[in-house]
Every structure is written in structure tokens, then in C-alpha cells.
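Encoded as C-alpha cells, the structure appears first; notes follow it.
The values are calculated or read from the model by the stated rules, or taken from the named source; none is laboratory data. On a predicted model such as this, the values are computed, not experimentally measured, just so you know. Quick reminder, even Gly has a Cβ in these numbers, built from the backbone with ideal geometry, and neighbours come from all protein chains shown. Surface areas here come from the heavy atoms of the whole protein model, side chains and all, with no ligands, DNA or RNA. Shrake-Rupley method; radii C 1.70, N 1.55, O 1.52, S 1.80 Å.
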Amino acid sequence: RMAAFSLRENRFDLAAIFNAYIRSPPGGMSELEWLLRRARTEVFAGNASVGARILVEHLRRIKEIDPEQLDRIMQVAFDLQIIDRHDLALELFQAVAAHGLTAGQRRELLFWMAESQAGEGHAAKAAELYLRSAKGQGQDHDSWGLSARFQAADAMTEGGFYEDARMTYSGLLRVTQNEKRRLQIRQRLQQLKLLQAVDKR
């Protein structure tokens with residue numbers, strides 16, 4: 001009750017302390033619900049590594065994960081991304097990846113892993129993961145695939161891989177129908193011309 005009261009008052013630090021004394025899920029709460037509450041409380045209390053470890057250890061223990069459980073665990077990973085703890089988000093994503101995911105789930109996971117690699121400043125790895133996400137179901141011209149390839153080209157630009165980025169943007173321009181996105185791609189190509197010109201000086 002004290003932990004619940006602390007959460008209602010947004011005293012996440014106190015709630016985390018009280019939670020540490022609770023050895024089993026409170027009545028009416030499943031193990032995962034309890035672990036998720038503990039994990040998110042730790043993240044909000046400023047103990048991101050503790051929160052991530054709670055879920056990583058849980059994922060290593062269990063054999064299967066259903067879509068609803070996956071969605072809820074991913075929310076904690078997104079929390080970690082918001083506070084720029086991409087290193088911890090990647091640990092959580094990797095623990096999720098060890099489970100039998102559908103092709104669509106794996107495609108989404110690769111995209112979010114790419115986001116965190118980009119957040120860590122690993123442009124080449126981010127671009128690789130974005131491209132793998134784009135081709136995850138052999139449908140790299142669908143809206144998801146086009147978005148992932150656009151993000152890959154952005155990551156290539158950020159990493160200084162200008163020619164790879166130019167080829168990726170140009171390929172996107174050939175298959176993109178949306179005029180707003182086509183304008184964005186043309187703008188990116190113009191920016192690349194400037195960056196390449198300056199780089200050659």
C-alpha cells in the first residue's frame with residue numbers, strides 16, 4: 001500500500017524502496033505485471049540500469065512471450081530511449097530478440113535497435129539494422145520498408161557515408177509516390193551535394 005501511495009504521489013524514489021521489500025507479486029497481479037511495475041518505477045526513480053536488469057533477467061528465464069507481453073516490455077525499452085539510455089534499451093532489445101518472434105515483430109525490433117544504435121552514435125550499425133528491417137519480410141517497398149530505408153540513408157549521412165546515402169536516397173526517389181516524402185528526399189539529396197562538396201575541399 002505504501003508503494004502504491006508513493007506512485008500516486010509521483011514519489012518514484014520512495015516507491016522503488018518499498019518495492020524492494022516485496023518478495024512476490026501483490027494480490028491480483030501477475031508476475032510480469034509486477035516486474036513491469038518494478039522496472040518502470042526504477043527507471044522513473046533514476047535507476048535505469050536496475051529497471052532494465054529486472055526485465056532482462058525475466059526474459060532470460062522464460063521460454064515464450066506473447067504479443068501483449070512483448071508490447072508492454074517494449075514500452076520500458078522506449079522509456080529508456082527517451083532518457084537516452086540507448087545502451088540499456090539495446091540490452092533489453094537483445095533479450096527480446098532471443099525469443100521466437102514473428103517476421104513482423106522481428107522487423108519492428110530491428111528498427112528500434114537501429115534507433116538506439118543511432119542514439120549511441122553508431123551510424124554504420126544503425127544503417128545496417130534499418131536496412132535489415134526494411135527487407136524483413138521481403139517487402140522493402142511497403143510504407144515500413146520505405147521509412148526504414150529513409151532512416152538508413154539518414155544514418156549513412158550522419159556517419160559520413162555520403163555515396164551510400166546518395167544511392168539509397170536516389171533509389172527511394174524512384175519508388176516513392178508520396179509527394180511530401182519525395183520533397184524530403186530531394187532536400188536530402190541537395191544537402192548531400194553540399195556535404196560532399198565541402199568534404200572535398
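Data for the structure
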| item | result |
| --- | --- |
| 15 Å beta-carbon shell around Gly27, net charge (K/R +1, D/E -1) | +1 |
| Two-site FRET efficiency, Ser49 against Tyr21, from Cβ-Cβ distance with R₀ of 22 Å, rounded to 0.05 | 0.65 |
| Portion, in percent, of the accessible area of the chain that falls on carbon or sulfur, probe 1.4 Å | 49 |
| Helix-derived mean residue ellipticity, 222 nm - over the chain, DSSP H n ≥ 4, -39500 (n - 2.57), to 500 | -24500 deg cm²/dmol |
| Region 1-64: chymotrypsin sites (Phe, Trp or Tyr not before Pro) falling in loop per DSSP and having at most 15 other Cβ within 10 Å | Tyr21 |
| Candidate lysines for bridging to Lys180, where Cα separation is under 27 Å - those fewer than 8 sequence places away on the same chain excluded | Lys135, Lys193 |
| Volume per residue that the Cα convex hull of region 72-201 spans, once the total is divided by residue count, Å³ | 109 |
| Whole-number accessible area per residue in Å² for region 1-121, which is evaluated in the context of all protein chains at 1.4 Å | 56 |
